[in-house]
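The values are calculated or read from the model by the stated rules, or taken from the named source; none is laboratory data. What you see is a predicted model, and the numbers here were worked out from it, not measured in a lab. Glycine also receives a Cβ, built like all others from the backbone with ideal geometry; neighbour counts cover every protein chain displayed.
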Ligand SMILES: NC(=O)c1ccc[n+]([C@@H]2O[C@H](COP(=O)([O-])OP(=O)(O)OC[C@H]3O[C@@H](n4cnc5c(N)ncnc54)[C@H](OP(=O)(O)O)[C@@H]3O)[C@@H](O)[C@H]2O)c1
């Protein structure tokens, strides 16, 4: 039996057409009572999965006016982005300050602290590292997730490593990440001001 598990009402999902965001939207609708605002560029790409609980907003995260407008009345921001990560992190932090929001869940990547045994520092992760630094320097109630490679298996089985600990394993299912994101978003105080490695258990 699925337990409905939220007192948090309103969740803003940035980059809502992303692979992980679409999977997590499905899990939010299944496992919580939350109302969702799906924020994305070229919104016509996304079909509204539940018009009673989901609103779709077209916008770029770097467009501060549109972003702040979408943040009005939200409880949690879940950022599922790629590309210009540092600039987007700065835009999100500033917009959250301007609108008085505090809770941010931000998807990053394993390896940003050189924490994956046997993996070298890779410049491809620079934007992720820089974005995490922006968020960690803020006063927000953030949780940064550093997932391993996404896998498509159905299993929900994951372990968490804290910042400063070596990352364990190398992959994690989308369903595991979505399960964790929904729990983080709907459980006040869970893993606040932490940066979590997430990998298959
Ligand atoms: N795949 C893996 O194995 C893996 C492992 C670890 C970490 N990660 C990271 O985890 C994150 C989420 O993964 P994912 O597969 O869900 O990524 P994804 O499918 O590439 O989705 C990222 C989304 O970010 C959106 N975006 C980029 N810039 C934007 C902006 N300025 N304004 C609004 N939206 C913007 C993109 O929108 P558009 O569609 O409009 O471009 C895209 O839909 C990514 O950063 C990924 O690199 C992935």
Any chance residue 60 is within 10 Å of the ligand (Cβ to nearest atom) and either at pLDDT 95 or above or buried (at least 23 other Cβ atoms within 10 Å of the Cβ) (or both):
yes
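Tell me the residue from 182, 134, 124, 172 that is part of a helix (DSSP H, G or I) and crowded, with 22+ Cβ neighbours inside 10 Å, please.
Working: 134 fails: crowded, with 22+ Cβ neighbours inside 10 Å; 124 fails: crowded, with 22+ Cβ neighbours inside 10 Å; 172 fails: part of a helix (DSSP H, G or I).
Going through 182, 134, 124, 172 in turn, the sole match is 182.
Answer yes or no: is there a residue in the range 36-52 that is under 24 Å from residue 191 (Cα atoms), under 17 Å from the mean Cα position of the chain (by Cα) and either within 9 Å of the ligand (Cβ to nearest atom) or crowded, with 22+ Cβ neighbours inside 10 Å (or both). Spell out the reasoning first.
Looking only at the range 36-52, we keep the residues that are under 24 Å from residue 191 (Cα atoms), and these are 36-38.
Adding the requirement that they be under 17 Å from the mean Cα position of the chain (by Cα) leaves 36-38.
So of that shortlist, the ones also either within 9 Å of the ligand (Cβ to nearest atom) or crowded, with 22+ Cβ neighbours inside 10 Å (or both) come out as 36, 38.
Yes, the range 36-52 contains at least one residue that is under 24 Å from residue 191 (Cα atoms), under 17 Å from the mean Cα position of the chain (by Cα) and either within 9 Å of the ligand (Cβ to nearest atom) or crowded, with 22+ Cβ neighbours inside 10 Å (or both).
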Complete set of residues in the range 145-166 that are in contact with a strand residue (DSSP E or B) (Cβ under 6 Å, 6 or more places away or on another chain) and assigned to a loop (DSSP other than H, G, I, E, B):
148, 153, 155, 163
Residue count, the range 121-146 (criterion: more than 16 Å from the ligand (Cβ to nearest atom) and in contact (Cβ under 8 Å) with a residue 40 or more places away in the chain):
4
